Structures are given as C-alpha cells and as structure tokens.
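Accompanying notes for the structure given below.
The values are calculated or read from the model by the stated rules, or taken from the named source; none is laboratory data. This is a predicted model, so every value here is computed, not measured. Here the Cβ positions follow ideal geometry from the backbone for every residue, glycine too, while neighbour counts run over all protein chains shown. Accessible surface is based on the protein model in full, side chains and every heavy atom, while ligands, DNA and RNA are left aside. Shrake-Rupley method; radii C 1.70, N 1.55, O 1.52, S 1.80 Å.
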Amino acid sequence: MKSTEDISYVNQQEAIEIDQMLMGPLGFTVDQLMELAGLTVASAIGEVYSSSEYTRVLVICGPGNNGGDGLVAARHLHHFGYKPSICYPKRNTEPPFAGLVTQLESLSVPFLPVEDLPVQLSSDFEIIVDAIFGFSFHGNPRPPFDSLIRRLVSIQNQQRTHEKAAVIISVDIPSGWHVVEGDICGEGIEPDMLVSLTAPKLCAKMFCGLHHFLGGRFVPQSIIDKFKLKLPPYPGTSMCVRIGNFPETNSSAQKGIFTASVNLEVEENPIDQFQKWLGDASEAGVKEPHYMVLSTAGKDAKPSSRMVSLEGVNKDGFVWHTNYRSRKAREISENPHASLLFYWGPIKCQVRVEGFVEQVSDEESERYFSSLPLDIQIRPIVSKQSTLIHGREILHHQYKEFEEKYHDRTSIARPKHWGGYRLIPEFFEFWQGEESQVHLKFRYCVEEIDGRRVWTIHRLVPQLAESASSL
C-alpha cells in the first residue's frame, strides 16, 4: 500500500493531455486503453470481493469511454466466475463499443433495460459497478442517468440504516462528481471502492470509502517525467495497486490462525467496549457487521433464533425494529428476556449480550421510520411476518401495488404493528481468538449499587482451543 501523500493527483486538463499523448505519439489505441482499464477494474474487484460471496454484479455503463471500461470489466468478471449483468441505456454503436457488446452477447451476459431493473437493486445484485461518467463529464446528468445515480445514492441510505445493500464500485471517478472538487452538492454517490485509472484525479482525495485502487501500470516513463507524476510500484504481476488507508489483513487468518487485529485494552463500560469492537469489524471490511443473532423463548421455554439488523446502540441498550405480530414479538411479550450474538470472523471476535427487552416509544419508532426511504417504508406494510403465504409472487405483486399507490409521496405513515425493541443489557461476554489458540474471554455483569447500575469486569481463565474454530 502506498500513502496518498506520496502519490500525484491530476486535474481535468492534465488527464486530457495524458490521454492525448497516449493515443497520439505513444501509439496507444482506445481499444487498448479500455482493455487495460476494464481488466484493472475487474482485478481490483477480485482483490476485495470474492466471487463466491459477491456473485451477482450489475455494471451500469454510460455512453462514453467510461462505459466502454465497464463493458470490458464485465467480460473479465464473467471469466473470473462472477455473474455480471449490464445496463447500457445509451448504446454507442461505433467501434470499439459495438464489438464489446457482441463479445458480451456471445457469452450470454444479459443486457437489462432500465425499466427492467428491480426496484431494489440490492435484492438482485451484490455488486454494482458505476461506469457511467468519467473525468471529461461536466454539467448535470440527464435521463436516464440522473435517476440511476439517485438509485445508487439510495443504496447508501440502505447502508446507513443497516439494510442489506450492494457494494458500489466507481470507475475512475464517482459519476456526477466534479473531477477536481468532488461531490459539490453533497448528495452524490459515495462508493465503497474507487478504481482510479492512469493516475488518481484530484477528486479522489475526497473519497472516503474503504478501498482505493490505482490501475496505470502501462503509463510510459515519458508521461511520468513530463507531468512529474509520483506513482506507486505495482506488486508482482498485478494490474492494480491499493493506495490510501485500508483494513489490515493477515494471511495466516486464511489458514485458520489469527493474529489479534483489535485493540486489546478493556474499557470500563461494556457499551464502549462493544462499540470499539464493532468499529474494528467495520474497518476490517467485515460484511454487514451490525447483523446479530437474536434468541428468544416464549412461555413454553423453547428457544428460537434468527438474524436481525442492529439499528442503534447507546448507553440505554441495543435497538432493532420488527413486526409486532411476528413470532419473536410474541415470545418477547411472554418472556421479555433475550440474548444477542455477534460474530466477526475476519477479526475472530464474538460478543454475547443478555438482558431485558422492552418496546421503544412510539415517538422513537416514528423518528426511525420517517428517516427511511419510501421503498423501505413500504416493506412492513406488505410483509405480514410469520404468516402463511402461497408464493413470493404475491408479495412482489402487493409491493408493486403500494409502490404505484405512493409513487408521488416521499414518506408514508408508520403501520402500528411495526416498531422498535430495545434490549437493556445485564450481561456481556467478549471473546477473541489468538494466534497461540489460547483465547481471550472476559465478562461484564451489572449490579445495582445505591440505585445505580455498576458494571463489574470478570477476566476468565483463557480457553485453550481444541481447534482453530473453537469458541
């Protein structure tokens, strides 16, 4: 990895002049540059997002060269084992674009019209590649790209509200950004990964995502000298190199051995300790670290567990939202004691929380519901959790009906059968794996002292694991 302070960033005019030199006296063709760019993008995706976990990819292509880079990336992703689909609303029928389309069609890679895209892109795709506009774009995006960009922004809103969401990869610059000043309006795409091409553009300094790669191994020394570029060395035979800050990884972790990558200092308050570990998991690139196992039991004492999304945590407890008519809600009403389990494999950390569950206030549920995008607000109206249904198509049909009914609204009323719960913790247990297989475990138990809740820390005898996976 190369520090961003040791790398050159270029403005729009410099980027244009570099392209002119490449395709002029240095003899490169557009086809060659697209091929190199697309291979770089696909390689960077493969570095971070495994095809076994992130299989379905939507590549959204614009009408210019950035769209061509996306078409090439889609072809390579297909050969890398991913399942790409392409949205290419304004097809360029000139060479080399027409040839790229033919190549993809021969591989049976589907091309999807905008109107056939799912309402929720994240429901059908784990990765979305933003190959709409490049560094030469200026002005405001026009249809249909304006609405496509808004849909990418809505995916970020899903991430903020802990909804399951696709990751976004932008090619060279996030579409709609100014090449120098970045996201001027503050309402643009904030991709999870940026793949800069040739040399990073100035707007890349404003990129705040986890993964920033550069693809420019082909840049001749004459261009480096002319523009006084400082570019990082490329590892091995790789077409891309990671730049900027990124989560630490450990090759031994892939072999079932773990070297501690979180801060081992123990906080006095377990909520602070939890938030620190949750932050470590997020920085390490753990997918959806806020998802937890919620275990409940009704008056029959038979336990049941399911995955739910943590929507908030503070000194008062852990909050999630659900249907008040669901099985878990019924069991909570019969027995308000429950437990939560978080497990973050890449950093080998586990947290167990036990406590008392209460409904949050209507006001708190209203505030959270009103913060959600309209398409997410519709879901609890359609979904009658834990009731029988004769087929998924019924849900899809009902969702479409409500979407059409409320298409001109930005918000709807919260259904009374949907709202939040809060688990007020009484017990925490933190576990962390060690390379030596002698693991760390400590607990927090609460006591009432002079009317105050006081936490006591119990450090436990380390567990000697029988296997690398033993908890």
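Checked against (1) in a helix (DSSP H, G or I); (2) open to solvent by 50 Å² or more (accessible area, probe 1.4 Å); (3) over 27 Å from PHE111 (Cβ atoms), GLY27 passes all but condition (1).
Do the conditions hold for THR55, that is, is it open to solvent by 50 Å² or more (accessible area, probe 1.4 Å) and farther than 21 Å from LEU214 by Cβ? In short, no. When every residue of the stretch 354-371 is checked against the conditions, at least one turns out to be in a strand (DSSP E or B), in contact (Cβ under 8 Å) with a residue 12 or more places away in the chain and crowded, with 20+ Cβ neighbours inside 10 Å.
Checking the structure you have, find out if any residue of the stretch 130-146 is within 21 Å of the chain's Cα centre (by Cα) and farther than 21 Å from ALA15 by Cβ. No, because not a single residue in the stretch 130-146 is within 21 Å of the chain's Cα centre (by Cα) and farther than 21 Å from ALA15 by Cβ.
Report yes if SER123 is among the hydroxyl-bearing types (Ser, Thr, Tyr), out of contact with any helix residue (DSSP H, G or I) (no Cβ under 8 Å at 6 or more places or on another chain) and either buried (at least 24 other Cβ atoms within 10 Å of the Cβ) or assigned to a strand (DSSP E or B) (or both), otherwise no. Against the criterion (among the hydroxyl-bearing types (Ser, Thr, Tyr), out of contact with any helix residue (DSSP H, G or I) (no Cβ under 8 Å at 6 or more places or on another chain) and either buried (at least 24 other Cβ atoms within 10 Å of the Cβ) or assigned to a strand (DSSP E or B) (or both)), SER123 does not qualify.
Among the residues making up the stretch 58-81, none is surrounded by 24 or more Cβ atoms within 10 Å (Cβ to Cβ) and of a type in the set (Phe, Trp, Tyr).
Among the listed residues ALA165, ALA204, identify the single one that is under 13 Å from the mean Cα position of the chain (by Cα) and aliphatic (A, V, I, L, M). After applying the criteria, what remains is ALA165. Does the stretch 72-92 include one or more residues that are in contact (Cβ under 8 Å) with a residue 24 or more places away in the chain, over 30 Å from LYS287 (Cα atoms) and over 28 Å from the mean Cα position of the chain (by Cα)? Checked against the condition, which is being in contact (Cβ under 8 Å) with a residue 24 or more places away in the chain, over 30 Å from LYS287 (Cα atoms) and over 28 Å from the mean Cα position of the chain (by Cα), the stretch 72-92 yields at least one hit. Residues in the stretch 296-304: is at least one of a type in the set (S, T, N, Q) and buried (at least 18 other Cβ atoms within 10 Å of the Cβ)? There is at least one residue in the stretch 296-304 that is of a type in the set (S, T, N, Q) and buried (at least 18 other Cβ atoms within 10 Å of the Cβ).
Per the listing TYR49, TYR54, the residue uniquely in contact with a helix residue (DSSP H, G or I) (Cβ under 9 Å, 6 or more places away or on another chain), of a type outside the set (A, V, I, L, M) and touching a residue at least 40 places away in the same chain (Cβ under 8 Å) is TYR54. Only one of the listed residues (GLU435, GLU448, GLU393) is over 30 Å from PHE369 (Cβ atoms) and at pLDDT below 70. That residue is GLU435.
Checking the stated criteria, ILE155 turns out to be open to solvent by less than 10 Å² (accessible area, probe 1.4 Å), within 12 Å of the chain's Cα centre (by Cα) and modelled with pLDDT under 90. Please work out which residue is modelled with the lowest pLDDT, limiting yourself to the stretch 186-211 and to residues that are part of a strand (DSSP E or B) and closer than 15 Å to ILE169 by Cβ. Among those that are part of a strand (DSSP E or B) and closer than 15 Å to ILE169 by Cβ, it is HIS211.
Inspect all residues belonging to the stretch 105-120 and state whether any of them is at pLDDT below 95 and buried (at least 20 other Cβ atoms within 10 Å of the Cβ). Yes: one or more hits. In the stretch 342-353, the residues that are at negative phi reach residues that are outside any strand (DSSP E or B) and among the hydroxyl-bearing types (Ser, Thr, Tyr) with C-beta atoms within less than 6 angstrom, at least six apart or across chains, in these pairs: ILE347/SER261. Checking each residue in the stretch 30-46 for being open to solvent by 50 Å² or more (accessible area, probe 1.4 Å) and either in contact with a helix residue (DSSP H, G or I) (Cβ under 7 Å, 6 or more places away or on another chain) or modelled with pLDDT under 90 (or both) picks out only GLU35.
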